[in-house]
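The structure appears below as structure tokens.
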Amino acid sequence: MKTSADCVIIGGGVVGTAVAYYLAKRGMTDCVIVEADYLSSGATGRCGGGIRQQWSTEANTRLAIESVKLFAGLEEELGADIEFLQGGYLVLAYTEEDERQFEKNVALQRVLGLDVQILSPADINEKVVPELNVDGVRMATYCAQDASANPFLTTQAYADAARRLGVTIELFTPVTKILTEGGRIAGVETTRGRISAPIVVNAAGSHSVPIAATAGIDLPIKPYRREILVTEPLERFFHPMIISFSFGIYFRQVKHGAVIGGYGDPAEPPGFNQTSSLKFLRTMSWKLSRLMPRLNTVKVVRQWAGLYDITPDAQPILGELDELPGFFQANGFSGHGFMICPKVAVLLAQAITGEEPDMDIERLSARRFADGRITQDRSVV
Amino acid sequence: MKEDVIICRCEDITYGEIVEAVRGGLTTTEEIKRILRCGMGPCQGRTCSRLIARIISQETGVPVAEVRFPVVRPPTRPVEIGVMAAGGPPDGNPSGGEYDED
């Protein structure tokens, strides 16, 4: 294993591999990714793979729009199939509060150039998903350019492209300590030795917190279990990701044909528990059965869980820390890291290499928690 | 040809494809599962995992007993959504979202 590098990236998820790729593409090729397990073994490989542009804040919507543009060119750029599909996102409103919020969201999203439609329950069945049970649905918003991709293949594609540019990837190598010297970052200590580096990127999802704590840094991120299941494959019968914040669900049909989906249990306590529960299997089955009755005779083949790394405002922490120069964060994605990863990784690579980031990332800096400048996005599922 | 022998029957993955994946750097059954889908089908790896572990062992020289197996995930057997949905949600809340605590 290398003992020094220009940059060490902790975490071989989609964020870590993408940051490495965009750094190498900018000429910083002496990067090492250290991953505690295997590529996409954490939150990335456990996520639903949705890529949504319909957000309630301007900043998130812009970040998502730019990410979709990058995703759309990724298969060609990285030379690999990532199962990118623009099947749209259908967001269902069940309450008056949903409806009021969605009207505001759509007005904002349209100003930013997103093609979003407001659909009546009848429109949903006629134009988008004939088999969806719309009982209780008041309206929906639909953006046909929202998308999905395969998180494993996307991470592997970024990793392979980064390797071709000279990046080294050390798997099964947990970081045990952040090394500092004279108030600056100095590298990392791993189970297989030390790597000294003037720049370290902490992209380890929920595990970013205990890692930063070894340098006395307290990141305001809490891990929450989120469960998910997948069915046997079916011939394609719907295209969009279907979600609802008030009903609590998201599900889509992947390229392979399986239906994959989950919901967040608001009663879930924080913690690193990643076990699967019978309660989830029963509740999710009931939700799917109600919204898509044809799934009653379809079998669930597997369920699993992953961790959302949630910040107080459900926005990521991005950029260099004032208290430890050279120590960059790319964590706290709060359940939507995969979908905004491409643009976020580009912006971080720009910041690290001293380029002027082409979007403002100051609002995502850890400073916002100390200053109290936080804006909650209401569109988190 | 040995290369064309199907190792994962659920997803039609051949011996040749698995050898290529191991030579490309995927050295655990977990990684091969995520890229090639072996173990994601109805049998959940019951048929192919041992065979894949043997191929990894042959290719890498790691003893087969030390090759990591995929995590076993529920349900034990594929189960119909309608069966699990019967009786309504465990929390008894028809609108979902916020749950009433009993």
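You will find that of A:36, A:72, A:5, the residue that is modelled with pLDDT of 95 or more and under 12 Å from residue A:167 (Cα atoms) is A:5 and no other.
Of all residues in region A:22-43, which are open to solvent by 30 Å² or more (accessible area, probe 1.4 Å) and either within 22 Å of residue B:35 (Cβ to Cβ) or out of contact with any Ser or Thr (no Cβ under 7 Å at 6 or more places or on another chain) (or both)? Those that are open to solvent by 30 Å² or more (accessible area, probe 1.4 Å) and either within 22 Å of residue B:35 (Cβ to Cβ) or out of contact with any Ser or Thr (no Cβ under 7 Å at 6 or more places or on another chain) (or both): A:25, A:27, A:29, A:30, A:36, A:37, A:42, A:43.
One residue stands out among those in region B:57-74 that are open to solvent by 70 Å² or more (accessible area, probe 1.4 Å) and within 11 Å of another protein chain (Cβ to nearest Cβ): the one that is farthest from residue A:275 (Cα to Cα), which is B:68.
Among A:170, A:189, A:181, which is the only one that is among the acidic types (Asp, Glu), farther than 30 Å from residue A:287 by Cβ, modelled with pLDDT of 95 or more and open to solvent by less than 30 Å² (accessible area, probe 1.4 Å)? Give the steps one after another, and end with the answer.
Numbers: A:189 fails: open to solvent by less than 30 Å² (accessible area, probe 1.4 Å); A:181 fails: open to solvent by less than 30 Å² (accessible area, probe 1.4 Å).
A:170 is the lone residue from the list that is among the acidic types (Asp, Glu), farther than 30 Å from residue A:287 by Cβ, modelled with pLDDT of 95 or more and open to solvent by less than 30 Å² (accessible area, probe 1.4 Å).
Would you confirm, using the coordinates I've provided, whether residue A:188 is hydrophobic (A, V, I, L, M, F, W, C), away from chain B (no Cβ under 14 Å) and under 20 Å from residue A:18 (Cβ atoms)? Judged against the criteria, residue A:188 is a match.
Of all residues in region A:325-334, those satisfying the criterion of being crowded, with 19+ Cβ neighbours inside 10 Å and not small (Gly, Ala, Ser) are A:327, A:328, A:329, A:331, A:333.
Filter region A:298-351 down to residues that are part of a helix (DSSP H, G or I) and among the small types (Gly, Ala, Ser) and give me whichever is farthest from residue A:197 (Cα to Cα). Reasoning before the result, please.
Step one: filter region A:298-351 for residues part of a helix (DSSP H, G or I), giving A:337-351.
This time we only want the ones that are among the small types (Gly, Ala, Ser), so: A:337, A:345, A:349, A:351.
Working: A:337: 25, A:345: 19, A:349: 16, A:351: 17 Å.
Applying the filter and picking the extreme gives A:337.
Take residue A:19 and decide whether it is surrounded by 24 or more Cβ atoms within 10 Å (Cβ to Cβ), of a type in the set (A, V, I, L, M, F, W, C) and touching a Cys at 6+ places or on another chain (Cβ under 6 Å). Let's see the steps before the verdict.
Details: surrounded by 24 or more Cβ atoms within 10 Å (Cβ to Cβ): yes; of a type in the set (A, V, I, L, M, F, W, C): yes; touching a Cys at 6+ places or on another chain (Cβ under 6 Å): no.
So residue A:19 fails the test.
Answer with yes or no whether residue A:132 is touching a helix residue (DSSP H, G or I) at 6+ places or on another chain (Cβ under 9 Å), without any contact (Cβ under 8 Å) to a residue 40 or more places away in the chain and surrounded by 17 or more Cβ atoms within 10 Å (Cβ to Cβ). Talk me through it step by step, then tell me what you get.
Working: touching a helix residue (DSSP H, G or I) at 6+ places or on another chain (Cβ under 9 Å): yes; without any contact (Cβ under 8 Å) to a residue 40 or more places away in the chain: no; surrounded by 17 or more Cβ atoms within 10 Å (Cβ to Cβ): yes.
It is false that residue A:132 is touching a helix residue (DSSP H, G or I) at 6+ places or on another chain (Cβ under 9 Å), without any contact (Cβ under 8 Å) to a residue 40 or more places away in the chain and surrounded by 17 or more Cβ atoms within 10 Å (Cβ to Cβ).
Of the residues making up region A:81-98, those that are surrounded by fewer than 16 Cβ atoms within 10 Å (Cβ to Cβ) and over 16 Å from residue A:380 (Cβ atoms) are A:81, A:96.
Looking only at residues of region B:30-56 that are in contact with a strand residue (DSSP E or B) (Cβ under 6 Å, 6 or more places away or on another chain) and farther than 15 Å from residue A:301 by Cβ, we find that the one that is surrounded by the most Cβ atoms within 10 Å (Cβ to Cβ) is B:36.
Select from region B:1-24 the residues that are open to solvent by 40 Å² or more (accessible area, probe 1.4 Å), under 29 Å from residue A:170 (Cα atoms) and outside any helix (DSSP H, G or I) and list them in ascending order. Give the derivation first.
Let us first name the residues in region B:1-24 that are open to solvent by 40 Å² or more (accessible area, probe 1.4 Å), namely B:1-6, B:9-10, B:12, B:17, B:20, B:23-24.
Now narrow it down to the ones that are under 29 Å from residue A:170 (Cα atoms): B:17, B:20, B:23-24.
Correct list: B:24 only.
In the set (1) open to solvent by 70 Å² or more (accessible area, probe 1.4 Å); (2) more than 16 Å from the chain's Cα centre (by Cα); (3) at the interface with chain A (Cβ under 9 Å from one of its Cβ atoms), the condition left unmet by residue B:77 is number (2). Residue A:1 falls short on exactly one of the conditions (1) within 14 Å of another protein chain (Cβ to nearest Cβ); (2) part of a loop (DSSP other than H, G, I, E, B), and that condition is (1). Can you tell me which residue in region A:216-233 is nearest to residue A:310 (Cα to Cα), limited to those that are touching a strand residue (DSSP E or B) at 6+ places or on another chain (Cβ under 7 Å) and within 12 Å of chain B (Cβ to nearest Cβ)? Applying the filter and picking the extreme gives A:227.
Please indicate, with yes or no, whether at least one residue in region B:92-102 is modelled with pLDDT of 70 or more, open to solvent by less than 90 Å² (accessible area, probe 1.4 Å) and assigned to a loop (DSSP other than H, G, I, E, B). Looking through region B:92-102, none of the residues is modelled with pLDDT of 70 or more, open to solvent by less than 90 Å² (accessible area, probe 1.4 Å) and assigned to a loop (DSSP other than H, G, I, E, B).
Does region A:100-109 include one or more residues that are more than 14 Å from chain B (Cβ to nearest Cβ), farther than 25 Å from residue A:315 by Cβ and either at pLDDT 95 or above or open to solvent by less than 10 Å² (accessible area, probe 1.4 Å) (or both)? Scanning region A:100-109, I find no residue that is more than 14 Å from chain B (Cβ to nearest Cβ), farther than 25 Å from residue A:315 by Cβ and either at pLDDT 95 or above or open to solvent by less than 10 Å² (accessible area, probe 1.4 Å) (or both), so the answer is no. Among the numbered conditions (1) modelled with pLDDT under 95; (2) of a type in the set (Lys, Arg); (3) open to solvent by less than 50 Å² (accessible area, probe 1.4 Å), the only one that residue A:378 does not meet is (3).
Only one of the numbered conditions (1) within 18 Å of the chain's Cα centre (by Cα); (2) part of a loop (DSSP other than H, G, I, E, B); (3) at pLDDT 95 or above is violated by residue A:56, and that is (3).
The values are calculated or read from the model by the stated rules, or taken from the named source; none is laboratory data. All values derive from a computational prediction rather than experimental measurement. Backbone-built Cβ (ideal geometry, glycine too); neighbour counts: all protein chains shown. Remember, those area values only see protein heavy atoms, side chains included, never the ligands or the DNA or RNA. Shrake-Rupley method; radii C 1.70, N 1.55, O 1.52, S 1.80 Å.
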